[in-house]
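Derivation of every value follows stated rules applied to the coordinates shown; laboratory data play no part. Since the structure is predicted, the reported quantities are computational estimates derived from the model, not experimental observations. Glycine also receives a Cβ, built like all others from the backbone with ideal geometry; neighbour counts cover every protein chain displayed.
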Amino acid sequence: MRTLGGECFALYRLRDHPNLAQSSLVRTVLLTQRPPPSQTACSKSNPMNIELPKPKLTYLLVIACLALVSAALAVDPPPDGGYPVENTAEGEDALFSLLPTNLGGNTAVGFQALYSNTTGSDNTAVGDEALHAANTAGSANTALGSWALHENTTATENTAIGGFSLVNNITGESNVVIGFEARKTQSSGFGNVVIGVRSSGGGSDNVAIGDRAMGNTDKGDENVALGESALSYCTGSYNIALGTVAGRAVNY
């Protein structure tokens, strides 16, 4: 070990922290704080009787500050909104009614998102009053958009993306709906796949793709409508309509 006055002593103290020992900041402070030669910790003339000088406050402060560097690199301020059992709520009154016995896994972001949820788990609600009004026990639902799945109560496994999509759904399950006001009037349909603005209305196991596809319908099952306003006003079942306004007002 080289004799560099106080530097030798400090490096001995920092032998377990090589990165700190090599820090230019530490070395600068140490070189300006060398003790007199008589107090050198690494005298060659007396290698077996090392008498270390008392540590100076400057050394301790520098070491303490640098030891906190990793902590300073963490997210600041730390994330908030985390609650027990992996629930996350951000926004005024989000997850307002959640019970301590909830199974968790809910994410609510937005004004009164998942407001009425008590025991439902694994729901994701992002948007003003998404999954808001009556979802008390519904689970595994995803609502993205203002008022998406607003009236949902106990239904599960629905995906609604778009403002007011599935807004009136109460008990319908396993629906995938994408688009503004898509499937807006549905209350109890199951297994529908709907993509398009104001597309589809009621019934179960329907596929409607296109602007207002199966629009203004309140019943009809297992239909396929591809195209703008295809099967609009339809009340029948088991129909396939391809093209703009194809199959409009079919009632069988």
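Amide H neighbours of ALA225 under 5 Å, counting only residues 5+ apart in sequence or on other chains, H built in-plane at 1.01 Å?
Counting only residues 5 or more places away or on other chains, the set is VAL207, ALA208, ILE209, ALA241.
Given SER187, THR244, SER165, which one lies farthest toward the positive end of the charge dipole of the range 146-252, if we put +1 on the Cβ of every Lys and Arg and -1 on the Cβ of every Asp and Glu?
Sorting the options by dipole projection puts first THR244.
HN-Hα J couplings of the range 185-192 from phi, Karplus 6.51/-1.76/1.60, θ = phi - 60°, integer Hz, Gly and Pro as x?
Along the range 185-192, the couplings run 8, 5, 10, 9, x, 10, x, 8 Hz.
What does the extension gain come out to for THR153 and LYS219, with contour length at 0.36 nm per residue minus their alpha carbon separation?
Residue separation times 0.36 nm, minus the Cα-Cα distance, leaves 21.7 nm.
Calculate one ³J(HN,Hα) per residue across the range 200-207 by plugging θ = phi - 60° into the Karplus curve 6.51 cos²θ - 1.76 cosθ + 1.60, and present them in order as whole Hz with x for glycine and proline.
Each residue's phi maps through the Karplus curve to give 6, x, x, x, 10, 6, 9, 10 Hz.
Please give the net charge around ASP128, taking every other residue with its beta carbon less than 12 angstrom from that of ASP128, where Lys and Arg add +1 and Asp and Glu add -1.
-3
Whole-Hz ³J(HN,Hα) for each residue in the range 131-145, computed from phi via Karplus 6.51 cos²θ - 1.76 cosθ + 1.60 with θ = phi - 60°, x for glycine and proline: what do you get?
Coupling constants for the range 131-145: 6, 8, 5, 9, 5, 9, 10, x, 10, 6, 9, 10, 10, 10, x Hz.
Could you tell me what % of all Cα pairs in the range 103-252 have separations over 28 Å?
Here the long-distance tail beyond 28 Å is 17 percent of all Cα pairs in the range 103-252.
Which far-off residues, 5 or more places away or on another chain, put their amide H under 5 Å from the one on ALA143, with H placed in the peptide plane?
Amide H neighbours of ALA143: THR124, ALA125, VAL126, ALA160.
What residues qualify as long-range amide H neighbours of ALA249, i.e. H under 5 Å apart, gap of 5 or more or another chain, H built at 1.01 Å from N?
SER232, TYR233, CYS234
Taking the simple approach of a point 7 Å from Cα along Cα-to-Cβ for both ASN251 and ASP93, what is their distance in nm?
Using points 7 Å along Cα→Cβ, the separation is 4.4 nm.
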